[in-house]
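The next block holds one structure in the form of C-alpha coordinates; read it before the comments.
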Amino acid sequence: MVFSQVLAAVHAVIDVVGFPGNLLVLATIFMESRFHVMRYILLASLAGSDILFLILGNSPSIASTAHERWLYGETMCKLHYLVLRYFYLNTVLHLIAVSYERYSAIVKSPLTYNSSITRSKVVVIVLIWTIPFLVCAITFFRRAESVFYYPKLFFCMGTTDAPAFHAAAVAFIVIAVPISTIFFLNWRVLKTVNAIQSNDQSVIFLESTATSSNNGPSQHQQHDARRIKDRKAAVDVCIIMAAFMICYLPEWTDLVLHYFFKVEFPSEVTQTTRCIYYISSVTNPIIYSVRKREFRGGVKRTLRRIGGLCAISYASGTDDVIGVHELRRAPTGVPSITESKAAQVPQQKDSLDSQTLNVPKGIK
(Lines give C-alpha, C1' and ligand atoms only; values in the text may rest on other atoms or scores of the structure.)
Protein backbone atom coordinates (compact mmCIF):
# COMPACT_ATOMS: atom_id res chain seq x y z
CA MET A 1 0.00 0.00 0.00
CA VAL A 2 2.79 2.44 0.89
CA PHE A 3 4.68 1.57 -2.30
CA SER A 4 1.59 2.28 -4.40
CA GLN A 5 1.04 5.65 -2.71
CA VAL A 6 4.67 6.66 -3.28
CA LEU A 7 4.49 5.55 -6.91
CA ALA A 8 1.25 7.48 -7.43
CA ALA A 9 2.94 10.59 -6.01
CA VAL A 10 5.81 10.15 -8.48
CA HIS A 11 3.30 9.89 -11.34
CA ALA A 12 1.67 13.11 -10.12
CA VAL A 13 5.04 14.92 -9.97
CA ILE A 14 5.75 13.81 -13.55
CA ASP A 15 2.48 15.44 -14.65
CA VAL A 16 3.12 18.61 -12.64
CA VAL A 17 6.62 19.07 -14.07
CA GLY A 18 6.18 17.68 -17.57
CA PHE A 19 2.96 19.34 -18.65
CA PRO A 20 3.93 23.00 -18.02
CA GLY A 21 7.51 22.33 -19.17
CA ASN A 22 6.48 20.99 -22.58
CA LEU A 23 3.78 23.64 -22.86
CA LEU A 24 6.45 26.30 -22.29
CA VAL A 25 8.55 24.74 -25.06
CA LEU A 26 5.60 25.02 -27.44
CA ALA A 27 4.92 28.64 -26.45
CA THR A 28 8.59 29.64 -26.80
CA ILE A 29 8.99 28.14 -30.27
CA PHE A 30 5.67 29.64 -31.36
CA MET A 31 6.44 33.18 -30.09
CA GLU A 32 10.11 33.39 -31.09
CA SER A 33 10.51 33.85 -34.86
CA ARG A 34 14.16 32.73 -34.77
CA PHE A 35 12.96 29.24 -33.80
CA HIS A 36 10.74 28.86 -36.86
CA VAL A 37 13.13 26.40 -38.49
CA MET A 38 12.82 22.66 -39.06
CA ARG A 39 14.93 21.57 -36.09
CA TYR A 40 12.87 23.51 -33.55
CA ILE A 41 9.58 22.70 -35.25
CA LEU A 42 10.40 19.00 -34.76
CA LEU A 43 11.23 19.67 -31.12
CA ALA A 44 7.90 21.51 -30.74
CA SER A 45 6.11 18.55 -32.30
CA LEU A 46 7.92 16.24 -29.88
CA ALA A 47 6.82 18.48 -26.98
CA GLY A 48 3.22 18.19 -28.18
CA SER A 49 3.61 14.42 -28.29
CA ASP A 50 4.92 14.43 -24.71
CA ILE A 51 1.95 16.53 -23.54
CA LEU A 52 -0.55 14.08 -25.05
CA PHE A 53 1.46 11.17 -23.66
CA LEU A 54 1.21 12.63 -20.16
CA ILE A 55 -2.53 13.34 -20.50
CA LEU A 56 -3.54 10.01 -22.06
CA GLY A 57 -0.86 7.75 -20.60
CA ASN A 58 0.41 9.00 -17.26
CA SER A 59 -2.66 10.79 -15.87
CA PRO A 60 -4.91 7.66 -15.71
CA SER A 61 -2.10 5.85 -13.89
CA ILE A 62 -2.16 8.28 -10.95
CA ALA A 63 -5.57 7.37 -9.57
CA SER A 64 -5.31 3.71 -10.60
CA THR A 65 -1.99 3.27 -8.80
CA ALA A 66 -3.26 5.08 -5.71
CA HIS A 67 -6.40 2.87 -5.54
CA GLU A 68 -4.46 -0.24 -6.65
CA ARG A 69 -6.94 -1.09 -9.39
CA TRP A 70 -7.87 0.17 -12.85
CA LEU A 71 -10.73 2.67 -12.55
CA TYR A 72 -11.75 3.37 -16.16
CA GLY A 73 -13.20 0.14 -17.54
CA GLU A 74 -11.95 -2.68 -19.73
CA THR A 75 -12.13 -0.77 -23.03
CA MET A 76 -10.13 2.17 -21.71
CA CYS A 77 -7.59 -0.27 -20.27
CA LYS A 78 -6.94 -1.76 -23.70
CA LEU A 79 -6.87 1.67 -25.32
CA HIS A 80 -4.37 2.78 -22.71
CA TYR A 81 -2.09 -0.05 -23.79
CA LEU A 82 -2.38 1.06 -27.42
CA VAL A 83 -1.73 4.68 -26.42
CA LEU A 84 1.60 3.69 -24.88
CA ARG A 85 2.57 1.82 -28.02
CA TYR A 86 1.51 4.72 -30.24
CA PHE A 87 3.55 7.32 -28.40
CA TYR A 88 6.60 5.07 -28.30
CA LEU A 89 6.55 4.85 -32.10
CA ASN A 90 5.75 8.56 -32.36
CA THR A 91 8.72 9.50 -30.16
CA VAL A 92 11.12 7.21 -32.03
CA LEU A 93 10.08 8.71 -35.39
CA HIS A 94 10.55 12.22 -33.97
CA LEU A 95 14.07 11.34 -32.80
CA ILE A 96 14.94 9.83 -36.19
CA ALA A 97 13.67 12.97 -37.93
CA VAL A 98 15.69 15.27 -35.63
CA SER A 99 18.82 13.16 -36.15
CA TYR A 100 18.39 13.13 -39.93
CA GLU A 101 17.84 16.90 -39.94
CA ARG A 102 21.20 17.39 -38.19
CA TYR A 103 22.78 14.85 -40.56
CA SER A 104 21.51 16.74 -43.61
CA ALA A 105 22.63 20.12 -42.26
CA ILE A 106 26.16 19.05 -41.26
CA VAL A 107 27.14 15.93 -43.22
CA LYS A 108 25.02 15.45 -46.31
CA SER A 109 24.61 18.99 -47.72
CA PRO A 110 26.03 21.64 -45.37
CA LEU A 111 26.32 24.28 -48.11
CA THR A 112 22.90 23.88 -49.70
CA TYR A 113 20.75 22.78 -46.77
CA ASN A 114 17.63 24.88 -46.27
CA SER A 115 16.32 24.88 -42.68
CA SER A 116 13.07 26.69 -43.53
CA ILE A 117 9.71 24.93 -43.46
CA THR A 118 8.73 23.53 -46.85
CA ARG A 119 5.81 21.45 -48.06
CA SER A 120 7.81 18.22 -48.04
CA LYS A 121 8.89 18.82 -44.43
CA VAL A 122 5.29 19.40 -43.41
CA VAL A 123 4.45 16.06 -45.02
CA VAL A 124 7.20 14.43 -42.95
CA ILE A 125 5.68 15.79 -39.73
CA VAL A 126 2.23 14.54 -40.78
CA LEU A 127 3.67 11.08 -41.46
CA ILE A 128 5.36 11.05 -38.05
CA TRP A 129 1.92 11.39 -36.45
CA THR A 130 0.06 9.14 -38.92
CA ILE A 131 2.26 6.06 -39.27
CA PRO A 132 2.11 5.04 -35.56
CA PHE A 133 -1.68 5.36 -35.64
CA LEU A 134 -1.92 3.06 -38.66
CA VAL A 135 0.41 0.50 -37.07
CA CYS A 136 -1.57 0.43 -33.82
CA ALA A 137 -4.91 0.33 -35.64
CA ILE A 138 -3.85 -2.61 -37.82
CA THR A 139 -2.56 -4.50 -34.79
CA PHE A 140 -5.75 -3.84 -32.84
CA PHE A 141 -8.27 -4.76 -35.55
CA ARG A 142 -6.38 -7.81 -36.83
CA ARG A 143 -6.23 -9.13 -33.26
CA ALA A 144 -2.61 -10.16 -33.73
CA GLU A 145 -2.21 -10.08 -29.96
CA SER A 146 -4.37 -10.39 -26.88
CA VAL A 147 -4.59 -7.60 -24.31
CA PHE A 148 -5.53 -8.56 -20.75
CA TYR A 149 -5.88 -6.72 -17.48
CA TYR A 150 -3.34 -7.65 -14.83
CA PRO A 151 -4.74 -6.96 -11.34
CA LYS A 152 -1.28 -6.90 -9.73
CA LEU A 153 -0.09 -4.20 -12.13
CA PHE A 154 -3.28 -2.06 -12.29
CA PHE A 155 -3.06 -1.81 -16.11
CA CYS A 156 -3.31 -3.95 -19.24
CA MET A 157 -0.53 -5.79 -21.04
CA GLY A 158 -0.37 -7.81 -24.25
CA THR A 159 0.39 -11.46 -24.82
CA THR A 160 0.98 -13.53 -27.95
CA ASP A 161 1.40 -17.17 -28.91
CA ALA A 162 3.93 -16.42 -31.65
CA PRO A 163 7.07 -18.58 -31.83
CA ALA A 164 10.39 -17.41 -30.39
CA PHE A 165 11.81 -16.62 -33.85
CA HIS A 166 8.93 -14.30 -34.58
CA ALA A 167 9.38 -12.70 -31.16
CA ALA A 168 13.06 -12.03 -31.80
CA ALA A 169 12.31 -10.54 -35.23
CA VAL A 170 9.64 -8.20 -33.85
CA ALA A 171 11.88 -7.11 -30.99
CA PHE A 172 14.69 -6.41 -33.47
CA ILE A 173 12.48 -4.34 -35.73
CA VAL A 174 10.84 -2.40 -32.91
CA ILE A 175 13.94 -1.43 -30.95
CA ALA A 176 17.17 -2.35 -32.75
CA VAL A 177 16.47 -0.83 -36.19
CA PRO A 178 15.33 2.65 -35.08
CA ILE A 179 17.92 2.95 -32.31
CA SER A 180 20.70 1.83 -34.66
CA THR A 181 19.55 4.41 -37.21
CA ILE A 182 19.57 7.17 -34.61
CA PHE A 183 23.00 6.11 -33.35
CA PHE A 184 24.50 5.97 -36.86
CA LEU A 185 23.20 9.42 -37.87
CA ASN A 186 24.45 11.12 -34.72
CA TRP A 187 27.79 9.32 -34.88
CA ARG A 188 28.34 10.59 -38.43
CA VAL A 189 27.41 14.13 -37.37
CA LEU A 190 29.85 14.16 -34.44
CA LYS A 191 32.60 12.60 -36.54
CA THR A 192 32.18 15.17 -39.31
CA VAL A 193 32.12 18.16 -36.97
CA ASN A 194 35.22 16.98 -35.09
CA ALA A 195 37.10 16.39 -38.35
CA ILE A 196 36.23 19.84 -39.68
CA GLN A 197 37.26 21.51 -36.44
CA SER A 198 40.62 19.72 -36.34
CA ASN A 199 41.34 20.62 -39.97
CA ASP A 200 40.44 24.26 -39.44
CA GLN A 201 42.65 24.83 -36.39
CA SER A 202 45.83 25.60 -38.34
CA VAL A 203 44.01 27.84 -40.81
CA ILE A 204 42.31 29.75 -38.01
CA PHE A 205 45.65 30.24 -36.22
CA LEU A 206 47.30 31.68 -39.34
CA GLU A 207 44.32 33.90 -40.01
CA SER A 208 44.28 35.25 -36.46
CA THR A 209 48.04 36.03 -36.51
CA ALA A 210 47.83 37.74 -39.90
CA THR A 211 44.89 39.94 -38.86
CA SER A 212 45.82 40.54 -35.22
CA SER A 213 45.45 44.29 -35.71
CA ASN A 214 41.87 43.90 -36.92
CA ASN A 215 39.30 44.27 -34.15
CA GLY A 216 36.47 42.48 -35.93
CA PRO A 217 36.16 38.67 -36.18
CA SER A 218 37.62 37.08 -39.30
CA GLN A 219 35.72 34.86 -41.68
CA HIS A 220 37.45 31.75 -40.38
CA GLN A 221 36.60 32.68 -36.81
CA GLN A 222 32.96 33.04 -37.76
CA HIS A 223 33.15 29.69 -39.54
CA ASP A 224 34.68 28.09 -36.47
CA ALA A 225 31.99 29.57 -34.24
CA ARG A 226 29.35 28.06 -36.49
CA ARG A 227 31.02 24.65 -36.36
CA ILE A 228 31.19 24.80 -32.58
CA LYS A 229 27.49 25.65 -32.52
CA ASP A 230 26.73 22.73 -34.86
CA ARG A 231 28.74 20.36 -32.70
CA LYS A 232 26.91 21.50 -29.58
CA ALA A 233 23.57 20.98 -31.35
CA ALA A 234 24.66 17.46 -32.31
CA VAL A 235 25.70 16.73 -28.73
CA ASP A 236 22.32 18.02 -27.52
CA VAL A 237 20.54 15.59 -29.84
CA CYS A 238 22.75 12.75 -28.52
CA ILE A 239 21.84 13.68 -24.94
CA ILE A 240 18.13 13.64 -25.83
CA MET A 241 18.54 10.17 -27.39
CA ALA A 242 20.47 8.89 -24.38
CA ALA A 243 17.84 10.20 -21.95
CA PHE A 244 15.08 8.49 -23.92
CA MET A 245 16.97 5.20 -24.06
CA ILE A 246 17.77 5.26 -20.34
CA CYS A 247 14.08 5.81 -19.56
CA TYR A 248 12.74 3.28 -22.05
CA LEU A 249 15.20 0.35 -21.87
CA PRO A 250 13.92 -0.97 -18.49
CA GLU A 251 10.33 -0.91 -19.78
CA TRP A 252 11.34 -2.49 -23.07
CA THR A 253 13.32 -5.28 -21.37
CA ASP A 254 10.43 -6.07 -19.05
CA LEU A 255 7.94 -5.97 -21.93
CA VAL A 256 9.94 -8.21 -24.28
CA LEU A 257 10.68 -10.83 -21.63
CA HIS A 258 7.06 -10.90 -20.52
CA TYR A 259 5.47 -10.56 -23.96
CA PHE A 260 7.54 -13.10 -25.87
CA PHE A 261 9.30 -15.32 -23.31
CA LYS A 262 6.61 -15.43 -20.58
CA VAL A 263 8.97 -14.22 -17.85
CA GLU A 264 7.10 -12.94 -14.80
CA PHE A 265 8.71 -10.16 -12.73
CA PRO A 266 7.44 -8.89 -9.36
CA SER A 267 4.68 -6.35 -9.78
CA GLU A 268 6.77 -3.63 -8.08
CA VAL A 269 9.49 -4.02 -10.72
CA THR A 270 7.08 -3.72 -13.64
CA GLN A 271 5.33 -0.71 -12.12
CA THR A 272 8.68 0.99 -11.50
CA THR A 273 9.87 0.44 -15.08
CA ARG A 274 6.60 1.89 -16.38
CA CYS A 275 7.03 4.95 -14.14
CA ILE A 276 10.61 5.45 -15.38
CA TYR A 277 9.31 5.32 -18.95
CA TYR A 278 6.95 8.22 -18.20
CA ILE A 279 9.92 10.30 -16.98
CA SER A 280 11.16 10.46 -20.60
CA SER A 281 8.46 13.06 -21.33
CA VAL A 282 9.94 15.37 -18.65
CA THR A 283 13.60 15.25 -19.68
CA ASN A 284 13.40 17.15 -22.98
CA PRO A 285 12.40 20.61 -21.62
CA ILE A 286 15.11 20.31 -18.96
CA ILE A 287 17.75 19.44 -21.57
CA TYR A 288 16.71 22.35 -23.81
CA SER A 289 16.85 24.85 -20.96
CA VAL A 290 20.20 23.64 -19.62
CA ARG A 291 22.07 23.06 -22.87
CA LYS A 292 20.73 25.73 -25.25
CA ARG A 293 21.56 29.31 -24.30
CA GLU A 294 19.46 30.88 -27.06
CA PHE A 295 16.51 28.71 -26.11
CA ARG A 296 16.96 29.66 -22.47
CA GLY A 297 16.80 33.33 -23.46
CA GLY A 298 13.66 32.66 -25.48
CA VAL A 299 12.06 30.96 -22.48
CA LYS A 300 12.80 34.01 -20.31
CA ARG A 301 11.24 36.35 -22.87
CA THR A 302 8.21 34.09 -23.16
CA LEU A 303 7.77 34.05 -19.39
CA ARG A 304 7.97 37.85 -19.30
CA ARG A 305 5.31 38.07 -22.00
CA ILE A 306 3.07 35.63 -20.18
CA GLY A 307 3.62 37.55 -16.93
CA GLY A 308 2.71 40.82 -18.66
CA LEU A 309 -0.47 39.31 -20.08
CA CYS A 310 -1.41 37.94 -16.65
CA ALA A 311 -0.80 41.37 -15.06
CA ILE A 312 -3.00 43.06 -17.67
CA SER A 313 -5.74 40.47 -17.19
CA TYR A 314 -5.55 40.85 -13.41
CA ALA A 315 -5.75 44.63 -13.68
CA SER A 316 -8.79 44.50 -15.96
CA GLY A 317 -10.42 41.93 -13.68
CA THR A 318 -9.82 44.19 -10.68
CA ASP A 319 -11.50 47.05 -12.49
CA ASP A 320 -14.52 44.87 -13.20
CA VAL A 321 -14.75 43.87 -9.54
CA ILE A 322 -14.56 47.45 -8.27
CA GLY A 323 -17.09 48.66 -10.83
CA VAL A 324 -17.77 52.05 -12.23
CA HIS A 325 -20.03 53.00 -9.31
CA GLU A 326 -17.29 52.42 -6.77
CA LEU A 327 -14.82 54.37 -8.89
CA ARG A 328 -17.19 57.34 -8.83
CA ARG A 329 -17.36 57.21 -5.05
CA ALA A 330 -13.62 56.73 -4.58
CA PRO A 331 -11.93 59.75 -2.91
CA THR A 332 -9.56 60.49 -5.75
CA GLY A 333 -10.11 64.24 -5.78
CA VAL A 334 -11.60 64.06 -9.27
CA PRO A 335 -15.35 64.81 -9.44
CA SER A 336 -17.50 61.93 -10.57
CA ILE A 337 -19.79 62.01 -13.57
CA THR A 338 -22.90 62.55 -11.43
CA GLU A 339 -21.31 65.40 -9.52
CA SER A 340 -20.15 67.01 -12.74
CA LYS A 341 -23.66 66.92 -14.22
CA ALA A 342 -25.14 68.26 -10.97
CA ALA A 343 -22.64 71.11 -11.02
CA GLN A 344 -23.55 71.93 -14.61
CA VAL A 345 -27.24 72.58 -13.73
CA PRO A 346 -26.76 75.76 -11.61
CA GLN A 347 -24.13 76.96 -14.07
CA GLN A 348 -26.63 76.74 -16.90
CA LYS A 349 -29.25 78.46 -14.73
CA ASP A 350 -26.86 81.27 -13.87
CA SER A 351 -26.01 81.73 -17.51
CA LEU A 352 -29.71 82.01 -18.37
CA ASP A 353 -30.21 84.58 -15.64
CA SER A 354 -27.25 86.54 -16.90
CA GLN A 355 -28.60 86.44 -20.40
CA THR A 356 -31.97 87.75 -19.11
CA LEU A 357 -30.34 90.59 -17.23
CA ASN A 358 -28.26 91.60 -20.19
CA VAL A 359 -31.20 91.98 -22.62
CA PRO A 360 -31.27 95.52 -24.09
CA LYS A 361 -34.13 97.69 -22.85
CA GLY A 362 -35.41 98.43 -26.35
CA ILE A 363 -36.31 94.84 -27.02
CA LYS A 364 -39.47 93.41 -25.53
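The values are calculated or read from the model by the stated rules, or taken from the named source; none is laboratory data. Just so we're clear, the structure is a prediction, and the values are computed from it rather than from any experiment. Positions of Cβ are backbone-derived with ideal geometry, glycine not excepted, and every protein chain shown enters the neighbour counts. Note: accessible area is taken over every heavy atom of the protein model, side chains too, but ligands, DNA and RNA are not part of it. Shrake-Rupley method; radii C 1.70, N 1.55, O 1.52, S 1.80 Å.
Thr118 versus Ile287, label points 7 Å from Cα toward the beta carbon: distance in nm?
Distance between the two pseudo-spin positions: 2.7 nm.
Take the Cβ-Cβ distance between Ile138 and Arg304 as r, set R0 to 51 Å, and report the resulting FRET efficiency rounded to the nearest 0.05.
Given R0 = 51 Å and the Cβ-Cβ separation, E is 0.60.
Could you compute how much accessible surface Cys310 exposes when probed at 1.4 Å, giving the result in Å² to the nearest 10?
Counting only protein heavy atoms, the figure is 80 Å².
Run the simple label-point estimate for Ser109 and Met245 please: 7 Å along Cα→C-beta, distance reported in nm.
Each label point is offset 7 Å from its Cα along the Cβ direction, giving 2.9 nm.
For Phe30 paired with Gln5, estimate the spin-label separation in nm (one decimal), with each label point 7 Å from Cα along the Cα-to-Cβ line.
3.9
Can you put Phe184, Phe172 in order of accessible area, largest first, using a 1.4 Å probe?
Correct descending sequence by accessible area is Phe172, Phe184.
Quick query: amide H of Phe155 versus all other amide H atoms, modeled in the peptide plane; which residues come in under 5 Å with a sequence gap of 5 or more or a different chain?
Answer set, sorted by chain and number: Tyr150.
Residue by residue through the stretch 71-76, what is 3J(HN,Hα) from phi via Karplus (6.51 cos²θ - 1.76 cosθ + 1.60, θ = phi - 60°)? Round to whole Hz and write x for glycine and proline.
9, 10, x, 5, 5, 5
In a Debye calculation with equal point scatterers on the alpha-carbon sites of the stretch 50-164 and no solvent, what is log10 I(q)/I(0) at q = 0.09, 0.10, 0.15, 0.16 Å⁻¹?
-0.37, -0.44, -0.79, -0.85
Taking 0.36 nm per residue of separation and subtracting the Cα-Cα distance, what length does fully extending Lys152 through Ile131 add?
Contour length minus the Cα-Cα distance gives 4.3 nm.
Give the Debye-formula value of log10 I(q)/I(0) at each listed q (0.20 Å⁻¹), with one equal scatterer per alpha carbon of the stretch 19-105, two decimals each.
For the stretch 19-105, the Cα-only Debye profile gives -0.93.
For the stretch 271-277, just list the computed ³J(HN,Hα) in residue order, Karplus coefficients 6.51, -1.76 and 1.60, θ = phi - 60°, integers in Hz, with x standing in for Gly and Pro.
5, 5, 5, 5, 5, 5, 4
Need the full-extension length gain, Ser180 to Val263, defined as separation in residues times 0.36 nm minus the C-alpha distance. One decimal, nm.
27.3 nm
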